[in-house]
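This report refers to the structure that appears directly beneath it.
The values are calculated or read from the model by the stated rules, or taken from the named source; none is laboratory data. All figures in this text were calculated on a predicted structure; none of them were measured in a lab. Cβ placement follows ideal geometry from the backbone for every residue including glycine, while neighbour counts extend to all protein chains displayed.
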Amino acid sequence: HYYANDNNFSKINTELPPEYENKIICADSLQFLKKLPDNCIDIIFTSPPYNFGLEYDTHNDTAMWNDYFNMLFGIFLECIRVLKYGGRFVVNVQPLYSDYIPIHHIISNFFIQNKMIWKGEIIWEKNNYNCKYSSWGSWKSPSSPYLKYTWEFVEVYCKGDLKKQGKKENIDITDEEFKSWVVAKWSIAPERNMREFGHPAMFPENLVERVLKLFSYKNDIVMDPFNGAGTTTVVAKKAGRRYLGIDISEEYCTTAEKRIYDSELGQQSFLK
């Protein structure tokens with residue numbers, strides 16, 4: 001890891017303040033993260049908003065890209081700071097082919113420049129989901145055809161060390177899951193309940209479950225700084241992890257809390 005050898009990461013891990021454990025926080029992520037101590041989060045899994053392109057007129061936001069990446073990387077720098085030594089930072093990102101901005105490469109360059117170790121890349125195959133779009137670019141011509149992506153990327157980075165410390169009894173991945181999931185192409189249908197939860201770009205629960213079981217231990221602290229409708233936090237709860245979800249939207253935070261409450265009711269009825 002020649003690009004990460006001269007990092008200045010402290011190897012002394014701390015604990016998340018108990019008042020933030022298993023909480024959904026409605027706040028600006030950058031401002032809230034500054035309240036947290038260094039090295040207190042085991043794993044971060046998130047999908048950053050795509051320049052708010054799903055919420056705003058794309059004709060007006062081209063000039064926002066510099067501001068967008070400055071905002072995003074400011075939050076990511078705080079995330080790296082609060083991540084434990086040996087912790088994992090997992091980012092789900094889609095290439096923005098319509099704007100010809102290879103966002104996954106830009107994000108990877110940021111992490112490498114900030115001395116994070118690239119552990120690998122998972123291809124999340126969405127079963128031809130994006131092929132429903134009818135735009136072809138230059139039809140039947142090499143002039144300027146559009147390439148259609150049926151997958152997204154899941155990029156995995158480590159802070160300071162590829163190996164993560166944990167107790168053997170807190171491993172909850174099965175033999176079959178491990179053998180299947182280390183093959184870095186996952187075929188998972190996209191989330192079908194986005195309208196129900198009022199969110200335009202949710203990832204499915206099975207994607208989060210695989211990431212958490214493969215890259216974290218039970219009782220680890222999972223954080224999502226763009227928690228949205230709360231898929232990361234609800235799956236963390238179901239998987240026996242502690243969680244911290246942050247989102248600026250009160251509506252999304254309410255949805256995330258309700259999903260956790262509903263999942264607890266479901267688990268209680270299942271146990272009966």
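If you go through the stretch 225-233 one residue at a time, do you hit one that is modelled with pLDDT under 95, farther than 17 Å from PHE153 by Cα and out of contact with any strand residue (DSSP E or B) (no Cβ under 9 Å at 6 or more places or on another chain)? No: zero hits. Against the test of being in a strand (DSSP E or B) and modelled with pLDDT of 95 or more, the options PHE73, PHE89 yield a single qualifying residue, PHE89. Evaluated against (1) hydrophobic (A, V, I, L, M, F, W, C); (2) modelled with pLDDT of 80 or more; (3) within 30 Å of ASN7 (Cα to Cα), TRP151 falls short on exactly one condition, (3). VAL222: in contact with a strand residue (DSSP E or B) (Cβ under 9 Å, 6 or more places away or on another chain), assigned to a helix (DSSP H, G or I) and modelled with pLDDT of 95 or more, yes or no? It is false that VAL222 is in contact with a strand residue (DSSP E or B) (Cβ under 9 Å, 6 or more places away or on another chain), assigned to a helix (DSSP H, G or I) and modelled with pLDDT of 95 or more.
Can you work out which of the residues in the stretch 225-262 that are aliphatic (A, V, I, L, M) and assigned to a helix (DSSP H, G or I) is nearest to GLU169 (Cα to Cα)?
So the first thing to find is which residues in the stretch 225-262 are aliphatic (A, V, I, L, M), and the list is 229, 234-236, 239, 244, 246, 248, 256, 260.
Now narrow it down to the ones that are assigned to a helix (DSSP H, G or I): 234-236, 256, 260.
Working: VAL234: 22, VAL235: 20, ALA236: 17, ALA256: 29, ILE260: 25 Å.
Across the stretch 225-262, the extreme among qualifying residues is ALA236.
If you filter the stretch 13-54 down to residues that are surrounded by 13 or more Cβ atoms within 10 Å (Cβ to Cβ), among the aliphatic types (A, V, I, L, M) and out of contact with any strand residue (DSSP E or B) (no Cβ under 7 Å at 6 or more places or on another chain), you find that the one that is modelled with the lowest pLDDT is LEU30.
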